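**Student:** One structure, as structure tokens, below. Some questions next.
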Amino acid sequence: MPDTRHQPPTTERGTTRVVLTLTALAFLTVCLILPLAAVFTEAFRNGVDAYMDAFREPDAQAAIRLTLTVAAIAVPLNLVFGVAASWAVAKFEFRGKSLLITLIDLPFSVSPVVSGLVYVLLFGAQGLLGPWLAAHNIQIIFALPGIVLATVFVTFPFVARELIPLMQDQGTGDEEAALTLGASGFKTFWTVTLPNIRWALLYGVLLCNARAMGEFGAVAVVSGHIRGETNTMPLHVEILYNEYNFVAAFAVASLLALLALVTLAAKSLLEWRYGDAIAGRAGH
Amino acid sequence: MEIRVERLSKSYGHGGLAALSAVDLTIRSGELMALLGPSGSGKTTLLRCLAGLEFPTEGRVLFGSEDATDLPVQKRGVGFVFQHYALFRHMNVADNIAYGLRVRDRARRPSAAEIRRRVNELLALVQLSGLGGRYPGQLSGGQRQRVALARALAIEPNVLLLDEPFGALDAQVRRDLRRWLRQIHERTGRTTVFVTHDQEEALELADRIAILRNGRVEQLGTPDEIYERPASPFVMSFIGDTSSLRVHVRDGVAWHENVRLGAPVADVCDSEADLYVRPWDVGILEAGTPGGLAASVVAVRRTASGRRAELRITASGASIEAEIPPGLQLKPGDPVACDVRQGRLYRRE
């Protein structure tokens, strides 16, 4: 009989551990590592030159530019919205608070295609505000504003979800202390609240950014697929793939995958830092 | 600075729970006052109303002769110390202490050198010299609370308010900090109000104690007054261990089940009353002693200061706690007699 006396009661037996680990590894390999490897092998199938050619194409460059532009607008907007919403939820008591929390989660629970359709129904030519927009020569659907709106909607929860539990946990003690010491509300926010949430905020922004650049469904509905104008990187990948231009499709896809890997690495780095901050607070 | 509270009421929600009802209280200039009461008595709400962290539904708060009722927290000049310290964890100790000086507008902000000098002075006052570069996470609970106090004192507040300042600390540290806070108070002479639910802390530390219950001041007085002449059974039992006996008062003598008790009776006329007694005012006599109440031992307990017996009075079944004199051996079931030497009588309503 193995000596189990000195093992903590929560430690599993050896066989259980091996089986669980192998299951997890097998799953990871099939569902994550193999596809990721496939993306890069397909992209480099015809050599580095063919790979680089995919990015020399003007449409590809336009798609990359558009994706970066959309992220550059959507992420800061959601940073501000996310902080404002978490601040309201965590530090104040008001009617309809649980409704607000549910609404923040809405983009997670609604299919992205539906999110895109909502904007078409609102701002499209046949939509609610369509005639008025057309009369004033404002183009939202099949243009940059629509893509930004859809992206903002889909990525809204990331920052708020990250901040709300942390801010609720931290409570209002630090802010109250700053106020009694004479700091204005604005100064309290900059010198006390923001530093307290900085790691979680950065973490939320990273996730938000990754999703903003990778969003397909909602953007596909509002973009109109105009080459060189309203195609983001994920849409460009789809078009190339449908045209059997596999090397180019996988090359652009590999750029998106790389972004995901960088985000993941940054996230782990943050978790490592942020974990310390949490431990520091627990002992506080 | 003298702080006056007039008819202060605070209720939450629509016609909801009243946390404070028409409290009148004057805190004298330079005084160290304790707000003592069980949880839910309104003591923290009262303190937060003084600070401007909460606003009363009715009534006034006066700082000296100035009406501070609607003054925002930043303008009140209060030093507030929180139970869980609320130190800024991303700033080191020196920056924490300097915070209140650095956030001032340019006209009122001391120079960097002056701020440094003040921080060092305060670090010395709270006996943490040399630890200015540490972060709150690297300090013990007692040290953190001393930093919090230094931070509150840095703005030279009109009044120092402490919300259960030692509540999160262990017993030994509490006792040390209590003595030390008293010394700081004597040195700075600043008007200080602290909230506690620990009667020992209030009795030992405060110049005067306000006992709160259900949002009202039940009694206000010096520790001696509160201890020796508690105004109600609530204060009596809150301030220390007590047991109570139903008695009948006749001709200036208290009787329990036709046994005459030794406790002197002052002003309660012939009526039914409750006699509240401390364990050390109950004498344990040999069973059958004439004039004693026949009783039996139910349980014997050890306390920090001695040993206690829970006695059951044979005639009435009432239970009473008595301090066991050194050397006396008792075990559950032993027959004894007891005698109440002193107690407080409260007329039965």
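**Student:** Across region B:291-315, which residue is most open to solvent (accessible area, probe 1.4 Å) among those that are closer than 15 Å to B:LEU261 by Cα and hydrophobic (A, V, I, L, M, F, W, C)?
**Tutor:** B:ALA315
**Student:** Considering each residue of region A:190-211, count those that are more than 11 Å from every other protein chain (Cβ to nearest Cβ) and without any contact (Cβ under 8 Å) to a residue 40 or more places away in the chain, and give that number.
**Tutor:** At the first step, the residues of region A:190-211 found to be more than 11 Å from every other protein chain (Cβ to nearest Cβ) are A:200-211.
Subset that is without any contact (Cβ under 8 Å) to a residue 40 or more places away in the chain: none.
Counting residues in region A:190-211 that are more than 11 Å from every other protein chain (Cβ to nearest Cβ) and without any contact (Cβ under 8 Å) to a residue 40 or more places away in the chain gives 0.
**Student:** Oh, and also: Identify, from the list A:VAL48, A:VAL75, A:VAL80, the residue that is modelled with pLDDT of 90 or more and either under 25 Å from A:GLU243 (Cβ atoms) or open to solvent by less than 70 Å² (accessible area, probe 1.4 Å) (or both). Show your work before the answer.
**Tutor:** Numbers: A:VAL48 fails: modelled with pLDDT of 90 or more; A:VAL80 fails: either under 25 Å from A:GLU243 (Cβ atoms) or open to solvent by less than 70 Å² (accessible area, probe 1.4 Å) (or both).
The conditions single out A:VAL75.
**Student:** Picking from B:VAL119, B:VAL126, which residue would you name as being assigned by TED's automatic domain parsing to the domain that holds B:LEU87, modelled with pLDDT of 90 or more and β-branched (Val, Ile, Thr)? Before you say what the answer is, go through the steps one by one.
**Tutor:** Numbers: B:VAL126 fails: modelled with pLDDT of 90 or more.
The unique qualifying residue is B:VAL119.
**Student:** What are the residues in region A:87-121 that are more than 22 Å from A:GLU215 (Cβ to Cβ) and crowded, with 17+ Cβ neighbours inside 10 Å, if any?
**Tutor:** Residues satisfying the conditions are A:TRP87, A:VAL89, A:ALA90.
**Student:** Here's a follow-up. Residues B:ARG76, B:ARG7, B:ARG89, B:ARG28: which one is within 14 Å of chain A (Cβ to nearest Cβ), open to solvent by 40 Å² or more (accessible area, probe 1.4 Å) and in contact (Cβ under 8 Å) with a residue 40 or more places away in the chain?
**Tutor:** Numbers: B:ARG76 fails: open to solvent by 40 Å² or more (accessible area, probe 1.4 Å); B:ARG7 fails: within 14 Å of chain A (Cβ to nearest Cβ); B:ARG28 fails: within 14 Å of chain A (Cβ to nearest Cβ).
Checking each option against the conditions leaves just B:ARG89.
**Student:** I'd like to verify a number: residues in region B:192-214 that are crowded, with 24+ Cβ neighbours inside 10 Å and over 9 Å from the mean Cα position of the chain (by Cα), how many?
**Tutor:** 3
**Student:** Still on this model: In region B:316-329, which residues are crowded, with 17+ Cβ neighbours inside 10 Å and assigned to a loop (DSSP other than H, G, I, E, B)? Outline the logic, then answer.
**Tutor:** As a first pass, look at region B:316-329 and keep what is crowded, with 17+ Cβ neighbours inside 10 Å: B:318, B:320-324.
Passing the criteria: only B:ALA318.
**Student:** Hand me the list of helices (runs of 4 or more DSSP H) wholly inside region A:1-116 holding 1 or more residues that are in contact with a strand residue (DSSP E or B) (Cβ under 9 Å, 6 or more places away or on another chain). Don't jump to the end; show me each part of the working.
**Tutor:** Values: elements: A:14-28, A:34-43, A:47-56, A:58-91, A:97-109.
Fully inside region A:1-116 and qualifying: nothing.
**Student:** Kindly indicate whether any position in region B:135-144 is more than 10 Å from chain A (Cβ to nearest Cβ), crowded, with 19+ Cβ neighbours inside 10 Å, part of a helix (DSSP H, G or I) and in contact with a helix residue (DSSP H, G or I) (Cβ under 8 Å, 6 or more places away or on another chain).
**Tutor:** There is no residue in region B:135-144 that is more than 10 Å from chain A (Cβ to nearest Cβ), crowded, with 19+ Cβ neighbours inside 10 Å, part of a helix (DSSP H, G or I) and in contact with a helix residue (DSSP H, G or I) (Cβ under 8 Å, 6 or more places away or on another chain).
**Student:** Another one. Count, please, the residues in region B:215-228 that happen to be surrounded by fewer than 20 Cβ atoms within 10 Å (Cβ to Cβ) and modelled with pLDDT of 90 or more.
**Tutor:** First, pick out the residues of region B:215-228 that are surrounded by fewer than 20 Cβ atoms within 10 Å (Cβ to Cβ): B:216, B:218, B:220-225, B:227-228.
This time we only want the ones that are modelled with pLDDT of 90 or more, so: B:216, B:218, B:220-225, B:227.
Count: 9.
**Student:** Right, something else. Within region A:7-18, is there a residue that is of a type in the set (A, V, I, L, M, F, W, C) and open to solvent by 90 Å² or more (accessible area, probe 1.4 Å)? Don't jump to the end; show me each part of the working.
**Tutor:** Applying the first criterion (of a type in the set (A, V, I, L, M, F, W, C)) to region A:7-18 yields A:18.
Imposing the further condition that a residue be open to solvent by 90 Å² or more (accessible area, probe 1.4 Å) reduces the set to none.
For region A:7-18, residues of a type in the set (A, V, I, L, M, F, W, C) and open to solvent by 90 Å² or more (accessible area, probe 1.4 Å): absent.
**Student:** Okay, next question. Small (Gly, Ala, Ser), in a loop (DSSP other than H, G, I, E, B) and in contact (Cβ under 8 Å) with a residue 60 or more places away in the chain - does that describe any residue in region B:280-296?
**Tutor:** Taking every residue of region B:280-296 in turn, none turns out to be small (Gly, Ala, Ser), in a loop (DSSP other than H, G, I, E, B) and in contact (Cβ under 8 Å) with a residue 60 or more places away in the chain.
**Student:** Right, another one. Would you say B:ALA168 is more than 15 Å from B:GLY141 (Cβ to Cβ) and either modelled with pLDDT of 90 or more or of a type outside the set (Asp, Glu) (or both)? Reasoning before the result, please.
**Tutor:** Values: more than 15 Å from B:GLY141 (Cβ to Cβ): no; either modelled with pLDDT of 90 or more or of a type outside the set (Asp, Glu) (or both): yes.
No; evaluated as a whole, the condition is false for this residue.
**Student:** Report whether or not B:GLN83 is at pLDDT below 90, within 13 Å of another protein chain (Cβ to nearest Cβ) and closer than 18 Å to B:VAL159 by Cα.
**Tutor:** Details: at pLDDT below 90: yes; within 13 Å of another protein chain (Cβ to nearest Cβ): yes; closer than 18 Å to B:VAL159 by Cα: yes.
It is true that B:GLN83 is at pLDDT below 90, within 13 Å of another protein chain (Cβ to nearest Cβ) and closer than 18 Å to B:VAL159 by Cα.
**Student:** Criterion first (within 29 Å of B:GLY221 (Cα to Cα), at pLDDT 90 or above, more than 9 Å from chain A (Cβ to nearest Cβ) and out of contact with any His (no Cβ under 7 Å at 6 or more places or on another chain)) does B:ALA34 satisfy it?
**Tutor:** Details: within 29 Å of B:GLY221 (Cα to Cα): yes; at pLDDT 90 or above: yes; more than 9 Å from chain A (Cβ to nearest Cβ): yes; out of contact with any His (no Cβ under 7 Å at 6 or more places or on another chain): yes.
Against the criterion (within 29 Å of B:GLY221 (Cα to Cα), at pLDDT 90 or above, more than 9 Å from chain A (Cβ to nearest Cβ) and out of contact with any His (no Cβ under 7 Å at 6 or more places or on another chain)), B:ALA34 qualifies.
**Student:** Any idea which of A:THR151, A:THR193, A:THR180 is buried (at least 20 other Cβ atoms within 10 Å of the Cβ), polar (S, T, N, Q) and within 22 Å of the chain's Cα centre (by Cα)? Before the answer, list the steps.
**Tutor:** Numbers: A:THR193 fails: within 22 Å of the chain's Cα centre (by Cα); A:THR180 fails: within 22 Å of the chain's Cα centre (by Cα).
Just one listed residue meets the conditions, A:THR151.
**Student:** Hey, does region A:221-232 have a residue that's in contact (Cβ under 8 Å) with a residue 24 or more places away in the chain, surrounded by 22 or more Cβ atoms within 10 Å (Cβ to Cβ), of a type in the set (Gly, Ala, Ser) and touching a Ser or Thr at 6+ places or on another chain (Cβ under 9 Å)?
**Tutor:** Yes, some residue in region A:221-232 is in contact (Cβ under 8 Å) with a residue 24 or more places away in the chain, surrounded by 22 or more Cβ atoms within 10 Å (Cβ to Cβ), of a type in the set (Gly, Ala, Ser) and touching a Ser or Thr at 6+ places or on another chain (Cβ under 9 Å).
**Student:** Still on this structure, please answer the following. Filter the helices (runs of 4 or more DSSP H) completely within region B:15-106 down to those with at least 2 residues that are closer than 23 Å to A:GLY185 by Cα and touching a strand residue (DSSP E or B) at 6+ places or on another chain (Cβ under 8 Å). Show your work before the answer.
**Tutor:** Details: elements: B:43-51, B:73-76, B:93-102.
By residue number, B:43-51.
**Student:** Here's a follow-up. Select, from A:ALA72, A:ALA62, the only residue that is among the aliphatic types (A, V, I, L, M), free of Cβ contacts under 8 Å to residues at least 60 places away in the same chain and under 24 Å from A:VAL154 (Cα atoms). Walk me through it before giving the result.
**Tutor:** Values: A:ALA62 fails: free of Cβ contacts under 8 Å to residues at least 60 places away in the same chain.
A:ALA72 is the lone residue from the list that is among the aliphatic types (A, V, I, L, M), free of Cβ contacts under 8 Å to residues at least 60 places away in the same chain and under 24 Å from A:VAL154 (Cα atoms).
**Student:** Still on this structure: Report whether or not B:ALA287 is of a type in the set (Gly, Ala, Ser) and open to solvent by 30 Å² or more (accessible area, probe 1.4 Å).
**Tutor:** When the stated conditions are applied, B:ALA287 passes them.
The values are calculated or read from the model by the stated rules, or taken from the named source; none is laboratory data. Keep in mind that this is a model prediction, so the values were computed, not measured. Positions of Cβ are backbone-derived with ideal geometry, glycine not excepted, and every protein chain shown enters the neighbour counts. These accessible areas exclude ligands, DNA and RNA; they are computed on the full protein's heavy atoms, side chains included. Shrake-Rupley method; radii C 1.70, N 1.55, O 1.52, S 1.80 Å.
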